[in-house]
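A.B. asks: This is the structure, below, for whatever I ask next.
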Amino acid sequence: MRILSATVRGFRNLQESTFEFSPRVNLVLGRNGEGKTNLLEALNYYALGRSHRGARIDDLIGFETESAFVQLEIETKPDDVMRCEFAFERGKGNRFFLDGEVVGRRADLVGILNTVYFDPESIRLVRGEPSRRRHFVDQGVSESEPIFLSHLTAFQRTLKQKNGLLRDLKRGFADYSTAREELRAWNRELAHHAVEISIGRDDYAHRLTPYADASHRALTGGDCGLEFAYRPALETVRSKLAEEVPENASNDPIPSPLSFCEKEQLERDILSEIDYIMESEIKRGRTLCGPQFDDFEVRQDELDLRVFGSQGEGRAAAISLILARSDVLHEKRRIRPVIFFDDIFSELDSQRGQRLQEMASGLHQVFIATARPGDVAGWDPPEMKTWSVHAGRFDQTESP
């Protein structure tokens, strides 16, 4: 997958510009605050249907305009080019288009443009809060299994409804006798979707681990193994994962016990677990169990990096996991996502930085934004294009 070209108008501080990109490596140089990250944000926005920085729509529109527009030409495979566009109007939200047709829901954008984004916050994937790891996995599963996103969206919608009812009960705003039946109905819905979420997350962790391990060994130049393991919050799911699996005669990775489970029985078991704590949830005024509390363990040679790893070890592991996400996507859909590096090389020593540059650019289209030309000094990959940016204005230049 490649971004062939882009037209950007009214996006943050960026002056109106049209770009023709290299299919291999694209380098953006400039001091902090000049617009490097803003360009990468504009190129990445369509993939997520939102800003990866969590910005509000009005914040994405330049100060001197009331609207913004970005058009991308995307090549998914040779001679298969799509036109992806999005537009903002201040106070009116965003609109997305694919080949001139309106894309009605943000969920429908999933899988059209696949990207992987690295920035200095990437290390928090390993050492940050569990929600980061859940989001990382959920995004990865959704890229290759759209049905998973449907279950996840329905689960989150139902969870919101249940939490609202529990809050009302605690405050005395709901009738206790009728609310119990309503809670049971919400629990049935949650259990139905929790099965698919648990199986999807565990399967993804199994698929991700060998690729992450290989990337970690290549990045660090060592023999330290890396494992990414699902740690579900539901006791029912934990018990199922502890079961033995049938003997595996092939050389494939050992499958998860969840892949052999009967979904209907697992759903009934999850429902029983959720129903069992209903009285406690009513007293607390919130849900107390479910996949919304899941986590994932990142281990380097049996060492839990979430707790005991150094910053350097956590950073290398996070980069390896994010790179592995692109390998899983390629395994499932034969797609190599576009990779963005936003001031990431300043976080790495020169050897690991060079290894990462070579690893990524060998298979992917890469965009690198940096304030330090020395981060890529001496690196001259084929077909590299370079831009310098000052106050939102881009000029194509010679490679450093």
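The values are calculated or read from the model by the stated rules, or taken from the named source; none is laboratory data. Worth saying up front: this structure is predicted, and the values here are computed from it rather than measured. Using ideal geometry, Cβ is built from the backbone for each residue, glycine included, and neighbour counts are taken over all protein chains shown. Accessible surface is based on the protein model in full, side chains and every heavy atom, while ligands, DNA and RNA are left aside. Shrake-Rupley method; radii C 1.70, N 1.55, O 1.52, S 1.80 Å.
A.B. asks: Of all the residues that make up segment 379-400, how many are open to solvent by 50 Å² or more (accessible area, probe 1.4 Å), in contact with a Ser or Thr (Cβ under 8 Å, 6 or more places away or on another chain) and assigned to a loop (DSSP other than H, G, I, E, B)?
C.D. replies: Residues meeting the conditions: 4.
A.B. asks: Could you list, in sequence order, the residues of segment 324-336 that are open to solvent by 60 Å² or more (accessible area, probe 1.4 Å) and basic (Lys, Arg)? Please lay out each step first, then the result.
C.D. replies: So the first thing to find is which residues in segment 324-336 are open to solvent by 60 Å² or more (accessible area, probe 1.4 Å), and the list is 331-334.
The answer is LYS332, ARG333, ARG334.
A.B. asks: Here are some residues: ASP349, ASP375, ASP380, ASP301. Which one is at pLDDT below 85 and touching a Gly at 6+ places or on another chain (Cβ under 7 Å)? Steps first, answer last, please.
C.D. replies: On the way: ASP349 fails: touching a Gly at 6+ places or on another chain (Cβ under 7 Å); ASP380 fails: touching a Gly at 6+ places or on another chain (Cβ under 7 Å); ASP301 fails: at pLDDT below 85.
ASP375 is the lone residue from the list that is at pLDDT below 85 and touching a Gly at 6+ places or on another chain (Cβ under 7 Å).
A.B. asks: Which residue, of GLU244, GLU267, is on the phi < 0 side of the Ramachandran plot and assigned to a helix (DSSP H, G or I)? So that I can check it myself, show each step before the final result.
C.D. replies: On the way: GLU244 fails: assigned to a helix (DSSP H, G or I).
After applying the criteria, what remains is GLU267.
A.B. asks: Working only within segment 116-142, note down all residues that are surrounded by 15 or more Cβ atoms within 10 Å (Cβ to Cβ), among the acidic types (Asp, Glu) and over 9 Å from the mean Cα position of the chain (by Cα).
C.D. replies: Across segment 116-142, the qualifying residues are ASP119, GLU121.
A.B. asks: Counting just the residues of segment 184-229 that are of a type in the set (Ser, Thr, Tyr) and more than 24 Å from LEU241 (Cβ to Cβ), which one comes out surrounded by the fewest Cβ atoms within 10 Å (Cβ to Cβ)?
C.D. replies: So the first thing to find is which residues in segment 184-229 are of a type in the set (Ser, Thr, Tyr), and the list is 198, 204, 209, 211, 215, 220.
From the residues that got through so far, the ones that are more than 24 Å from LEU241 (Cβ to Cβ) too are 215, 220.
Details: SER215: 25, THR220: 20.
Only one residue tops the list, namely THR220.
A.B. asks: Which condition from (1) surrounded by fewer than 16 Cβ atoms within 10 Å (Cβ to Cβ); (2) farther than 27 Å from GLY374 by Cα is the one that GLU85 breaks?
C.D. replies: (1)
A.B. asks: Among the residues of segment 6-32, which ones are closer than 18 Å to GLY378 by Cβ and surrounded by fewer than 21 Cβ atoms within 10 Å (Cβ to Cβ)?
C.D. replies: ARG24
A.B. asks: Please state which one of ILE282, ILE339, ILE270, ILE319 is crowded, with 19+ Cβ neighbours inside 10 Å, modelled with pLDDT of 85 or more, within 30 Å of GLY172 (Cβ to Cβ) and of a type in the set (A, V, I, L, M, F, W, C). Don't jump to the end; show me each part of the working.
C.D. replies: Values: ILE282 fails: crowded, with 19+ Cβ neighbours inside 10 Å; ILE339 fails: within 30 Å of GLY172 (Cβ to Cβ); ILE319 fails: within 30 Å of GLY172 (Cβ to Cβ).
Just one listed residue meets the conditions, ILE270.
A.B. asks: A follow-up question, please. Cβ-Cβ under 9 Å, sequence separation 6+ or interchain: first residue in segment 111-130 and among the acidic types (Asp, Glu), partner assigned to a loop (DSSP other than H, G, I, E, B) and open to solvent by 30 Å² or more (accessible area, probe 1.4 Å). Which pairs?
C.D. replies: Pairs found: ASP119/HIS52; ASP119/ARG53; ASP119/ASP343.
A.B. asks: Name the residues in segment 345-378 that are more than 24 Å from LYS77 (Cβ to Cβ), open to solvent by less than 60 Å² (accessible area, probe 1.4 Å), assigned to a loop (DSSP other than H, G, I, E, B) and not small (Gly, Ala, Ser), would you?
C.D. replies: Matches in segment 345-378: LEU348 only.
A.B. asks: Checking the structure you have, find out if any residue of segment 305-316 is crowded, with 20+ Cβ neighbours inside 10 Å, in contact (Cβ under 8 Å) with a residue 60 or more places away in the chain, under 15 Å from ALA205 (Cα atoms) and not aromatic (Phe, Trp, Tyr).
C.D. replies: For segment 305-316, residues crowded, with 20+ Cβ neighbours inside 10 Å, in contact (Cβ under 8 Å) with a residue 60 or more places away in the chain, under 15 Å from ALA205 (Cα atoms) and not aromatic (Phe, Trp, Tyr): absent.
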